[in-house]
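Notes for the one structure printed next.
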Amino acid sequence: MSETLERIIDAAGQQAAQLLCRAHGGHRLYLSDRPGSALVDCVGLDAAGAIVKEFGNCEMDIPMGHWSGPSARRRAVRRALQNGATTTDAARLAGVCDRTGWRVRAALKTGGPDTLPLFGDDSAD
């Protein structure tokens, strides 16, 4: 885990860090605790205030964490499929192409690598 992500978790909590990484991971975001800012809209006023208190008002590269990126999207497809979604609906929900949805579906049937969580049980996501 990156030092930046650890500082976000320490300042605003795990849930705010997850929301921030999922929404803005891998992108640069201006940190502001003003109502209507991207940060406040993402994590709420209290968490945004705690993050700004920790880092100041500045542009920051938001870490990906393990809640965003390709692995997280494949896990989202897997969860949707296991909950009865069609392959196309699961792919759209997770923001991936249909082919990725079909690969995840095939892995579920064969017990491939997309059937196991990469970072422990992610049912709380």
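All of the numbers you see were taken from the coordinates with simple rules; none came from a lab. Bear in mind that the values here come from a model prediction, so they are computed numbers and not experimental data. Glycine also receives a Cβ, built like all others from the backbone with ideal geometry; neighbour counts cover every protein chain displayed.
R34 to D10: extension gain in nm, 0.36 nm per residue of separation minus the Cα-Cα distance? Using 0.36 nm per residue and subtracting the Cα-Cα distance, I get 6.6 nm. Think of the range 5-75 as a dipole: +1 on every Lys or Arg Cβ, -1 on every Asp or Glu Cβ, centred on the Cα centre; then among P35, G56, L5, L5 lies furthest on the positive end.
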